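Right, one structure below, let's go through it.
Bear in mind these aren't lab numbers, they're just calculated from the coordinates by the rules spelled out. Just so it is clear, the model here is predicted, and its values are computed rather than measured. Cβ coordinates were reconstructed from backbone atoms using ideal geometry, including for glycine residues, and neighbour counts include every protein chain displayed.
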């Protein structure tokens, strides 16, 4: 699918899969929520509409990705509405996001997975070279799975199964557990061990995919 170009895994239309967070949050709310759905979504809608101040940290991240922001119509309209990046303390508005959240607060996930929001989303992805279709959105379902676990220093650590970050985190803990803790991770030798463990974990993570 990537034609040997590994950068397409992280950027461009081919890097986009079916967003599942909205469906997952709604499923969790239906099973465990007590407040009305609209009340939960409304604060985010209001924040996007009324805007928020650009923090020093956000501005630092904006500067680091300035070229990407300025070359993207959607991002530039939010973070550089006048052709230049917003400064620290200036107000950032995202009215289109507010409209999207407003529809989701009233109609639920169907506003995205089967409505005009999803249609526009698919169109944008395909225009960017992606292969996502509206059928993909409509067929999406939430799958509930048992967490994976390891024993670490006498504690049971639970994590999300693949393709989440659970397996890499547990691999890292298993590697570090081979050393006498905490002394085995102290000083320069400890830092070296952590770096080497992380290098191995990130290399393995690149080969992990969605088992489904």
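Values for this structure:
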read-out: Cα-based helix-to-principal-axis angle, 95-107 vs the chain, degrees rounded to 10; value: 90
read-out: Three principal axis lengths of the chain [C-alpha, angstrom, descending]; value: 54, 43, 42
read-out: Between helix 187-205 and the chain: long-axis angle, C-alpha atoms, 0 to 90°, nearest 10; value: 60
read-out: Additional length obtainable on full extension of the chain from residue 53 to residue 160, 0.36 nm per residue less Cα span; value: 35.1 nm
read-out: Peptides ranked, highest mean first, by Cβ atoms within 10 Å: ranges 138-145, 57-64, 205-212; value: 57-64, 138-145, 205-212
read-out: Angle between the chain longest axis and helix 116-127 axis [Cα atoms, degrees, rounded to 10]; value: 70
read-out: Gained length - residue 75 relative to residue 8, 0.36 nm times residue gap less alpha-carbon distance; value: 22.2 nm
read-out: Evaluated at q = 0.18, 0.27, 0.28 Å⁻¹: base-10 log I(q)/I(0), Debye formula over Cα of the range 1-71; value: -1.01, -1.10, -1.13
read-out: Length-normalised contact order for the range 148-206 - Cα pairs under 8 Å, 6+ apart - percent; value: 27
read-out: Expected 222 nm ellipticity per residue - DSSP helices of 4 or more, -39500 (n - 2.57), all of the chain, to 500; value: -15500 deg cm²/dmol
read-out: Calculated diffusion of the range 57-131, Stokes-Einstein form, Kirkwood radius summed over Cα pairs, 25 °C and 0.890 mPa s, µm²/s; value: 175
read-out: Peptide ranges 166-174, 124-132 listed from the most packed, as the mean C-beta count within 10 angstrom indicates; value: 166-174, 124-132
read-out: Modelled FRET efficiency - R0 22 Å, residue 67 with residue 195, Cβ distances, 0.05 increments; value: 0.15
read-out: Tensor-based shape of the range 154-212 (alpha-carbon gyration tensor, a/c under 1.5 rounded, otherwise prolate or oblate); value: oblate
read-out: Alpha-carbon centroid distance for the pair the range 187-212 / the range 59-122, whole angstrom; value: 33
